[in-house]
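Read-outs: derived from the displayed coordinates by stated rules, not from any lab. As the structure is a computational prediction, the values presented were derived from the model and not from experiment. Neighbour counts are summed over all protein chains in view; Cβ atoms, including those assigned to glycine, are modelled from backbone coordinates with ideal geometry.
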Amino acid sequence: MHFIQVSDIVVPQDYLSIQHTKTFNLFNVSGEWQGGWKHALRGDNNSKFKNNGFVFSYETIMPDVEIPTSLSVSFDTDFLKLKSKNKSTPRFINIFDDVNPIESVFEIINNYTKTYIKREIDFYNAYPDDNRSNEFFIEILNECVLNKIPDSKEGCVFRFAHGSGFHSITGDWRFENHLSTVKKPDMGKRYKSRKTIFDYDDEGILFDLFGFIKLTLLK
């Protein structure tokens, strides 16, 4: 990160909203893990969704809006060239050789996001709950994320900030899937929970997911 500088961005207040969340959490019944919900800090997990108990509210950017302000990303290309000649420099520096740096970064992010989403879909397919909420999550991941990743190098989609989960926060490089640590804990931990947004309309419960952002190059 010595080579890339990203500016701050101001989000106008009109683009912010309050979202209520529950934690989708696996629970164990007679040695079998099942999809469910966390209703208390300890000891109250089951497959039934309810809109109280362990509910948290967050100020978030509203979904499906285009922020009217821009951010800037700059690269120290001279420093990159200097470092690329240094044999002690990690190999990832070479990804910037003779290419447009921002397009290279976008391509890397998009490839990562596609892999991450496919692993999350596998997780939700493996652990449905009584509300079939996993079907909502899979549809969101397919329609609202994968389908929004551009084929060109003029933009990228990624996940960040609160609620994005262990695998996203850590770069998703340690495990080949999002299922293995459920049955085989990693240093005593199972990464089996997902923080989700919920709301209601005339047809019932609506679910959503945190933190997916699309960046597009300004023309």
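Shape of segment 99-197 from the C-alpha gyration tensor: oblate (a/c of 1.5 or more and a/b not above b/c, with a ≥ b ≥ c the square roots of its eigenvalues). Sequence-distant contacts, meaning Cα pairs under 8 Å at least 6 residues apart, place the relative contact order of segment 4-216 at 23 percent. Along the chain, counting only GluC sites (Glu not before Pro) with a DSSP assignment other than H, G, I, E or B and at most 13 other Cβ atoms inside a 10 Å radius, the longest segment between sites is 67-175. Per the Debye calculation on the chain with a single equal scatterer at every Cα and no solvent contribution, log₁₀ I(q)/I(0) for q = 0.10 Å⁻¹ amounts to -0.55.
Per residue of the chain, the DSSP helices (runs of n ≥ 4 H) give a summed -39500 (n - 2.57) that works out to -6500 deg cm²/dmol at 222 nm. Taken one residue at a time, the phi angles of segment 63-73 give Karplus couplings (6.51, -1.76, 1.60, θ = phi - 60°) of x, 6, 10, 9, 5, x, 9, 10, 10, 10, 10 Hz. Gly and Pro are set to x.
Please return the longest stretch of the chain lacking exposed loop sites, where chymotrypsin sites (Phe, Trp or Tyr not before Pro) count only if DSSP places them in a loop and at most 13 other Cβ atoms lie within 10 Å. Kindly include the intermediate steps, with their values, before the conclusion.
Details: sites that count: PHE160, TRP173.
Between the exposed loop sites, the longest stretch runs 1-159.
What residue among ILE67, PRO12, PHE24 has its Cα farthest toward the positive end of the dipole of segment 1-83, where the charges are +1 on Lys, Arg and -1 on Asp, Glu, each on the Cβ? Positive-most Cα among the choices belongs to PHE24. The local environment of PHE106, defined by Cβ-Cβ distances under 10 Å, has a net charge of -2 under the rule Lys, Arg +1 and Asp, Glu -1. Pairs with C-alpha atoms separated by more than 26 Å, drawn from the list LYS118/LYS219; LYS48/LYS189; LYS50/LYS184; LYS118/LYS153, are LYS118/LYS219; LYS50/LYS184.
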